[in-house]
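Participant: Before we start, here is the structure in question, set down as structure tokens.
The values are calculated or read from the model by the stated rules, or taken from the named source; none is laboratory data. Because the structure is predicted, anything quoted here is derived from the model rather than measured. For neighbour counting, all protein chains shown are included, and Cβ atoms are generated from backbone atoms with ideal geometry for every residue, glycine included.
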């Protein structure tokens, strides 16, 4: 009985005020020319995560990132080459990481999740699953803050949330919730880019952890 | 390159006031005679979950259960037979489900998670991972209530939490938290088993969902 195992890696970033995902154009059959999530077969002597890191590097030039295992997809007919089970990983990385396409793929490109092209295999399903997981993570991790500079305005914070969630949030409600949580420290510094100066804040990760321990999260 | 794929199934239940896990004694090498999590190789034409349900049935006689995928374990040297990647599933089932040992395993037994025997392969690691996931789920799902009868006392509820968490909870604190959440409706009925009658309650799943939407969870 011959089952083969691949890894696939969903890489998200916020770029140009949109949540984008890193895709490659397949250089070989099946689905030659179609866009796909970076990935490939697991080698004999590497762990699943090592395989994911290697494929990501080879196909996109993105170096080592903090990957989380997402899910394993194993429907019998998901790959026309035969029985292939894939272990999917995902990560959210800063939008300015450099890319270079490697040998397996003819090109790696960022693509807004709201405007996906047709994808190879069951990659659309894998991507939707990763997106749902990422959005859930906003509630109980500091993932939203990791994408901001150390000092940020409330508008910048709201924009990160809106971008990952893919929808507008009410400004008054957003600020009321943030206020209640007391996880930000206001600084005596202002950003002078908009029409009027906007106060800068820093995130207080320890307060966030305490809220989590008390069972209070951060949903919008 | 030959990688083989198995599924392993961690089944928890509360039995005799303890969190227990369903183990089989291996009838064949490797690790012949050693206790292990039920599982086995994925067949050509079945999905991963179908394989998990089949192995569970064959090895323990537990019929169809609601399985959740836990994690895929794929360290290169985790199995002495060669490269084997396993996709682990888990479930929490009622403690009175009947068992019968099938053909692959010489026996299936319940074992308290606090008194595990030495296990085959990396099964101790898989089990610890499942236990952590189950304990986390107490915070944001109704898993704790699914194990209770429709009408229950606060002591019975506390005992379910204590059993899954594997530690005692302060009775006053527990009741204060439950009170604040307002997810139980007190009945005009009492249980007359202990020294004094204990009031019965029913769980209000809709209130629980609303709390979750507001970001308030249920941690102890």
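Participant: Going through segment B:124-147 one residue at a time, which ones are in contact with a helix residue (DSSP H, G or I) (Cβ under 8 Å, 6 or more places away or on another chain), buried (at least 18 other Cβ atoms within 10 Å of the Cβ) and over 17 Å from residue B:209 (Cα atoms)?
Facilitator: Scanning segment B:124-147 gives B:127, B:131, B:134, B:147.
Participant: Kindly list the number of the only condition in (1) in contact (Cβ under 8 Å) with a residue 40 or more places away in the chain; (2) under 30 Å from residue A:189 (Cα atoms); (3) in a loop (DSSP other than H, G, I, E, B) that fails for residue A:121.
Facilitator: The failed condition is (2).
Participant: Sort through A:196, A:207 and tell me the only one that's within 25 Å of the chain's Cα centre (by Cα), more than 30 Å from residue A:112 (Cβ to Cβ) and more than 14 Å from chain B (Cβ to nearest Cβ). Step through it out loud before you land on a result.
Facilitator: Working: A:196 fails: within 25 Å of the chain's Cα centre (by Cα).
Just one listed residue meets the conditions, A:207.
Yes/no per residue for (1) touching a residue at least 12 places away in the same chain (Cβ under 8 Å); (2) part of a helix (DSSP H, G or I); (3) not assigned by TED's automatic domain parsing to the domain that holds residue A:65:
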| residue | (1), (2), (3) |
| --- | --- |
| A:117 | yes, no, no |
| A:131 | yes, yes, no |
| A:155 | yes, yes, yes |
| A:180 | no, yes, yes |
| A:193 | no, no, yes |
| A:199 | yes, no, yes |
| A:210 | no, yes, yes |
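Participant: Another one. Does residue B:87 qualify as being buried (at least 16 other Cβ atoms within 10 Å of the Cβ), within 23 Å of residue A:44 (Cβ to Cβ) and touching a residue at least 60 places away in the same chain (Cβ under 8 Å)?
Facilitator: Yes, satisfied.
Participant: Is there a residue being in contact with a strand residue (DSSP E or B) (Cβ under 6 Å, 6 or more places away or on another chain) and modelled with pLDDT under 95 anywhere in segment B:72-92?
Facilitator: Yes, some residue in segment B:72-92 is in contact with a strand residue (DSSP E or B) (Cβ under 6 Å, 6 or more places away or on another chain) and modelled with pLDDT under 95.
Participant: Follow-up. With the checklist (1) more than 14 Å from chain A (Cβ to nearest Cβ); (2) free of Cβ contacts under 8 Å to residues at least 24 places away in the same chain; (3) assigned to a strand (DSSP E or B) in hand, flag the one item residue B:11 doesn't pass.
Facilitator: (2)
Participant: Separate question: I'm trying to understand the selection: among the residues of segment B:47-77, which are free of Cβ contacts under 8 Å to residues at least 24 places away in the same chain and within 7 Å of another protein chain (Cβ to nearest Cβ)?
Facilitator: The answer is B:47, B:69, B:72, B:74, B:76.
Participant: Can you tell me which of (1) at pLDDT below 95; (2) on the phi > 0 side of the Ramachandran plot is the one residue B:14 doesn't meet?
Facilitator: (2)
Participant: Has segment B:23-43 got at least one residue that is more than 12 Å from chain A (Cβ to nearest Cβ), in a loop (DSSP other than H, G, I, E, B), touching a helix residue (DSSP H, G or I) at 6+ places or on another chain (Cβ under 7 Å) and free of Cβ contacts under 8 Å to residues at least 40 places away in the same chain?
Facilitator: No: zero hits.
Participant: Regarding segment A:161-178, can at least one residue be identified that is at positive phi, touching a helix residue (DSSP H, G or I) at 6+ places or on another chain (Cβ under 7 Å) and within 14 Å of chain B (Cβ to nearest Cβ)?
Facilitator: Within segment A:161-178, none of the residues are at positive phi, touching a helix residue (DSSP H, G or I) at 6+ places or on another chain (Cβ under 7 Å) and within 14 Å of chain B (Cβ to nearest Cβ).
Participant: Additional query: Does segment A:37-57 hold any residues that are surrounded by 20 or more Cβ atoms within 10 Å (Cβ to Cβ) and under 23 Å from residue A:83 (Cβ atoms), and which are they?
Facilitator: If the condition is that a residue be surrounded by 20 or more Cβ atoms within 10 Å (Cβ to Cβ) and under 23 Å from residue A:83 (Cβ atoms), then A:37, A:38, A:39, A:42, A:48, A:51, A:52, A:55 are the ones that fit.
Participant: Now for a separate question. So which of A:150, A:185 is touching a strand residue (DSSP E or B) at 6+ places or on another chain (Cβ under 8 Å) and modelled with pLDDT of 95 or more?
Facilitator: Selected residue: A:185, the only one of A:150, A:185 that is touching a strand residue (DSSP E or B) at 6+ places or on another chain (Cβ under 8 Å) and modelled with pLDDT of 95 or more.
Participant: Further question on the same structure: Taking the stated definitions as given, is residue A:96 part of a loop (DSSP other than H, G, I, E, B) and farther than 29 Å from residue B:51 by Cα?
Facilitator: yes
Participant: Sticking with this structure for a sec: Please work out which one of (1) outside any loop (DSSP other than H, G, I, E, B); (2) surrounded by fewer than 18 Cβ atoms within 10 Å (Cβ to Cβ) is the condition residue B:70 fails and give its number.
Facilitator: Condition (2) is where residue B:70 drops out.
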